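Here is the structure we will look at.
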Amino acid sequence: MAEQEQSPLQNLWHELRDLTLGTTTQIDHISSPPTPLHFLRNYVSPNKPCLISNSINHWPATSLWHSTPYLLNTLSSSPVSLHLTPKGHADSLSRHPTSSSSLCFASAEVQRVRFEDALTRVLESDTKRCVGYLQQQNDCFRSEYGALRNDCDEDIDWASQAFGCLPEAVNLWIGNEMSETSFHKDHYENVYAVVSGEKHFLLLPPTEVHRMYIRDYPAAQYHYSQDNGEFSLELEEPARNVPWCSVNPYPSPELKEKEMAKFPLYFNGPRPFEVTVKAGEVLYLPSMWFHHVRQSPDSRGLTIAVNYWYDMRFDIKYAYFNFLQLLPHSMLCNCASSGKLGVESQNNSSICYSEDESSMDNTTASANDNISNDPDDAAEK
Ligand SMILES: O=C(O)CCC(=O)C(=O)O
């Protein structure tokens, strides 16, 4: 990249990309399952994502799950967890229910319903101002969906050998194109297999934590009224705050300029890695990487995926990450004199900070920093 004055944090972002991750938006694509040693050396140890083809072709799921009657017959009336939101954005920022000038962290209404009813709700989502997403990140594949268990491998063998353990949780995700998962990170090594449809990931390495503008938001919960088909959003009691990423990478056109001005480190910095995981492919999503997920459905209107969460190692990388995220945004201020982020920037505008941002640490923010003008915000961001 071009020689220019950079802050220490910007140096870190670029150095990691130059040394190991690469300077494009692509991640490595491996055309057959790696050996455990190759996977460990080239991806797990350097905490680097990769996409793997031809690793789950032998799963019965890759053919059987394209048949809706098969899914209905196998699961029939099994109770499953259905997440309901007005627009498909669960665990994401939404307009605060009592203070229209700020945001809160909104969780979905979760209902336990028979699989056949739940699937209908997912398929009919777009017609009802109520979006259903079948998911529960609590090992649901081996519990709620136990009847499908033999359709996939119990674990991903090359991954289990590299990690030295079996998966801690295996989760099933059945959604449609309206469901979107906002930027967040997990303390798990994630091996994410798509069975039907496609998933579109944006990925940012943990070193770029400042670009996510993690702030504390009051926790709230959607409630869906069966009577009038409307959602209400209520603050949790007792009150608690959830630290969450402030950046929406796909703001509506009318909001784009404002969002770019509020979150310049994201919008003017190096582009996130972009990967589409197609049916039959597997993404290795390393622990602590920030990810944002959208989906494209198959011809039925469904996207189906299974992911394996393996315990991460709480080693020196974790300790460095904790140290890094305590550094204040003011560590980025040197670049004010150079005014640019480099050739991989997402656009040509210069990086800058609002006055409050430059003096803010990453755990405090005034509510007003997070206000969006998005007309959608009346219901959800
Ligand atoms: O598929 C999704 O919607 C989200 C997946 C995700 O966030 C995860 O596996 O950690």
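No value in this document is a laboratory result; all are computed from the given coordinates. Everything numeric here is computed off the predicted structure, so don't read it as measured data. For neighbour counting, all protein chains shown are included, and Cβ atoms are generated from backbone atoms with ideal geometry for every residue, glycine included.
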(request) Starting from the Cα coordinates of the chain, work out the convex hull volume and express it per residue in Å³. (result) 140
(request) Using a Gaussian network model of the chain whose springs link C-alpha atoms within less than 10 Å, name the residue from His223, His38, His96 with the highest mean-square fluctuation. (result) His38
(request) Would you kindly state the longest site-free stretch of the chain, with sites defined as GluC sites (Glu not before Pro) in a DSSP loop (not H, G, I, E, B) surrounded by at most 11 other Cβ atoms within 10 Å? (result) 4-253
(request) Name the long-range amide H neighbours of Glu281: under 5 Å, sequence gap of 5 or more, or other chain; modelled H, no Pro or chain starts. (result) Val194
(request) Order by neighbour count: Met331, Met212, Met312, fewest other Cβ atoms within 10 Å first, most last. (result) Met331, Met312, Met212
(request) Please name whichever of Phe267, Tyr188, Gly280 sits farthest to the positive end of the charge dipole of the chain, dipole taken about the Cα centre and charges placed at Cβ: Lys and Arg +1, Asp and Glu -1. (result) Gly280
(message) Can you list residues from other chains, or at least 5 along the same chain, whose modelled amide H is less than 5 Å from the amide H of Asp28?
(response) Leu51
(request) Obtain the nm distance between the two label points defined at Ser296 and Ser32 by a simple spin-label model: each point lies 7 Å from its Cα along the Cα-to-C-beta direction. (result) 2.8
(message) Let me confirm the definition first: pairs of Lys residues in the stretch 8-370, 8 or more apart or on different chains, C-alpha distance under 24 Å. How many are there?
(response) 22
(request) Report, in deg cm²/dmol and to the nearest 500, the calculated mean residue ellipticity at 222 nm for the chain, where each DSSP H run with n ≥ 4 adds -39500 (n - 2.57) and the sum is divided by the residue count. (result) -4500 deg cm²/dmol
(request) Please report, in debye to the nearest 20, how large the charge dipole of the chain is about its Cα centre when each Lys and Arg carries +1 at its beta carbon and each Asp and Glu carries -1 there. (result) 400
(request) Select from Arg215, Arg41, Arg95 the residue whose mean-square fluctuation is largest in a Gaussian network model of the chain (Cα-Cα springs shorter than 10 Å). (result) Arg41
(message) Loop-only chymotrypsin sites (Phe, Trp or Tyr not before Pro) in the stretch 254-315, please: DSSP not H, G, I, E or B, and at most 12 other Cβ atoms within 10 Å.
(response) Phe314
(request) Between Thr207, Thr85, Thr20, find the one with the highest GNM mean-square fluctuation for the chain; connect C-alpha pairs within less than 10 Å. (result) Thr20
(request) Write out the chymotrypsin sites (Phe, Trp or Tyr not before Pro) in the stretch 106-179 meeting two conditions: DSSP loop, and at most 13 other Cβ atoms within 10 Å of their Cβ. (result) none
(message) Suppose we keep just the alpha-carbon trace of the stretch 284-333; what are its Rg and Dmax in angstrom?
(response) 17.2, 50
